[in-house]
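Okay, structure first, notes after.
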Amino acid sequence: MAQRQDKKEKKARLSAQDWADAALTAIGEGGLAAVAVEPLAARLGTTKGSFYWHFANREALIEAALARWAETATEAAITEIDTEPGPAARIRRLFIEATVSAIDDPLEVSLLATASHPQVAAALRRVTERRVDYVTRLFADLGFPEPEARRRGLLAYSVYLGHSQLGHAAPSVLPGGDELRQYLEAALDALTRP
């Protein structure tokens, strides 16, 4: 009886964030089409009623998931990177950690594959603008004039996206382990060279 009560309490404790996180996992595994209420409820060990407690419909869940992605994959990352002591350390850490992470995590590639979906397109635009602006600021902090900082920021972001795609589409093309980090260091050196 106590075990049954614990299960009920766990189901009742699910938050909208739990649902959004589960939706992000599903998107990473199977694309936007994988965001379906019943399979997510089963994954979370709850009922559809829990979903409808938090969300009016699937689109509301997708919106929450995309906001959660922007929060964790962009805003939280920027906050963490900003703890580095200077712009050179920040840009180095950001470039290497973000690229390695994107190669390992299929979520962003799955989102890019559904960029024609209106909600995804809007989220990708907001996140991309925020990220490019942040990287541009890092290049400006390194001493590059604004137009050059913007060009390099955009180029760095393009390199990141390209490596993300390669890491999922043709992983054998990229070097592995320490060699990947050395390769990324060399790419970053080229981007930061005056």
> Is it the case that some residue within segment 135-145 is over 23 Å from Asp82 (Cβ atoms) and not aromatic (Phe, Trp, Tyr)?
Replying inline: no
> What number goes with the only condition from (1) in contact with a Pro (Cβ under 7 Å, 6 or more places away or on another chain); (2) exposed (fewer than 14 other Cβ atoms within 10 Å of the Cβ) that Arg125 does not pass?
Replying inline: (1)
> Under the condition of being polar (S, T, N, Q) and open to solvent by less than 50 Å² (accessible area, probe 1.4 Å), which residue from segment 102-116 is nearest to Ala73 (Cα to Cα)?
Replying inline: Ser110
>> Name the residue that is least open to solvent (accessible area, probe 1.4 Å), counting only residues in segment 129-152 that are of a type in the set (Phe, Trp, Tyr) and in contact with a Pro (Cβ under 9 Å, 6 or more places away or on another chain).
In response: Phe139
>> Looking only at segment 153-186, count every residue that is open to solvent by less than 60 Å² (accessible area, probe 1.4 Å), assigned to a helix (DSSP H, G or I) and touching a residue at least 40 places away in the same chain (Cβ under 8 Å) and tell me the total.
In response: 9
> Ala88 versus (1) open to solvent by less than 30 Å² (accessible area, probe 1.4 Å); (2) touching a residue at least 60 places away in the same chain (Cβ under 8 Å): which is the lone unmet condition?
Replying inline: (1)
>> Taking the conditions exactly as written (in contact with a Phe, Trp or Tyr (Cβ under 7 Å, 6 or more places away or on another chain) and not charged (D, E, K, R)), does Gly153 satisfy them or not?
In response: yes
> helices (runs of 4 or more DSSP H) wholly in segment 12-126 with at least 2 residues that are of a type in the set (Ser, Thr, Tyr) and closer than 23 Å to Ala156 by Cα - which ones?
Replying inline: 87-104
> Can you name every residue in segment 102-116 that is under 27 Å from Ala140 (Cβ atoms) and at pLDDT below 90?
Replying inline: Ala102
> What is the number of the single condition among (1) closer than 30 Å to Ala190 by Cα; (2) touching a residue at least 60 places away in the same chain (Cβ under 8 Å) that Glu59 does not meet?
Replying inline: (1)
> Yes or no: Ile81 surrounded by 14 or more Cβ atoms within 10 Å (Cβ to Cβ), under 27 Å from Leu174 (Cβ atoms) and either at pLDDT 95 or above or touching a strand residue (DSSP E or B) at 6+ places or on another chain (Cβ under 9 Å) (or both)?
Replying inline: yes
>> Kindly evaluate Gln119 against the criterion of being over 19 Å from Ile78 (Cβ atoms), free of Cβ contacts under 8 Å to residues at least 24 places away in the same chain and not basic (Lys, Arg).
In response: no
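The values are calculated or read from the model by the stated rules, or taken from the named source; none is laboratory data. Small disclaimer: the values here were computed from a predicted structure and weren't measured. Note that each Cβ is placed from the backbone with ideal geometry, even for glycine, and that neighbours are counted across all protein chains shown. Quick note on the areas: whole protein, heavy atoms, side chains included, nothing else; ligands and nucleic acids left out. Shrake-Rupley method; radii C 1.70, N 1.55, O 1.52, S 1.80 Å.
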